[in-house]
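Here is the structure we will look at, set down as structure tokens.
Every number here is computed from the coordinates shown, using simple stated rules; none is lab data. Computed from a predicted model, the values in this text were never measured in an experiment. As a convention, Cβ positions derive from the backbone with ideal geometry for all residues, glycine included, and neighbour counts pool all protein chains shown.
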Amino acid sequence: MIRSELIQKIAEENPHLFQRDVERIVNTIFEEIIEAMARGDRVELRGFGAFSVKKRDARTGRNPRTGAAVEVEEKHVPFFKTGKGLRDRLNGEG
Amino acid sequence: MGDRTLTRMDLSEAVFREVGLSRNESAQLVESVLKHICDALAAGETVKISSFGTFSVREKGARVGRNPKTGEEVPIQPRRVLTFRPSHLMKDRVAAGNRR
């Protein structure tokens, strides 16, 4: 399923809404999650999962081609942990 | 750097502000977006949200695990796990926003 198919499904269930409003609603949800993580916040959606930010320490990496040492700066990466409800559903328990 | 935890309430508040539906209907829409994603994943589908990320289901084979406390061997049944791969846009925005 891709974004446009998700929008389509929501639009079909809500015939009283304009398609463009459904697009704005769906986009707002994903945008809000990214903005939260960009601030360093967590987004916890019970039964679905939690989006959080993990810190990766600075390290000395290597260019795999030349073997030269390169300093890699500290960085922050997005992380998603599947919620219990969804994990159970994937395994047919719920 | 923030350390707040947002919930469904914050997402429906954002929808409420953006579109001007009632708070109740905004909450229901957030719920149905999550439900449709869960349904697709439970059916084994990959969910690809452009400029956000990709949720995909992986099959894991059976293996012998160990209870870390007792050292006892326990069989782990084959199971399905979910992985999320963030888009480049998400990675870039999260990295930029949290840079000191």
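Tell me, what is the Rg over Rh of segment B:33-74, with Rh the Kirkwood radius over Cα pairs?
Looking at segment B:33-74, the ratio lands at 1.26.
If one takes the longest principal axis of the Cα atoms in chain A, at what angle in degrees, from 0 to 90 and to the nearest 10, does the Cα axis of helix A:19-38 lie?
Its long axis makes an angle of about 30 degrees.
Given the C-alpha atoms of chain A, compute the convex hull and give its volume per residue in Å³.
178
Other chains near A:68-76: what is the mean number of their Cβ atoms within 10 Å of each residue's Cβ?
2
Would you work out which of A:Gly61, A:Ala36, A:Phe48 lies farthest towards the positive end of the dipole of segment A:19-90, given +1 charges on the beta-carbon of Lys and Arg and -1 on that of Asp and Glu, about the Cα centre?
Selected residue: A:Gly61.
Where Rh denotes the Kirkwood radius from the mean inverse Cα pair distance, what is Rg over Rh for the protein assembly as shown?
Here the Rg-to-Rh quotient is 1.04.
Can you tell me the convex hull volume per residue for segment B:1-91, based on C-alpha atoms, in Å³ to the nearest whole number?
Spread over its residues, the Cα hull of segment B:1-91 gives 183 Å³ apiece.
Per residue of B:71-82, count partner chain C-beta atoms within 10 Å of its C-beta, then hand back the mean as an integer.
2
If you fit an axis through the alpha-carbon atoms of helix A:3-13 and take the longest principal axis of the Cα set of chain A, what angle between them do you get, 0 to 90°, nearest 10?
That works out to roughly 20 degrees.
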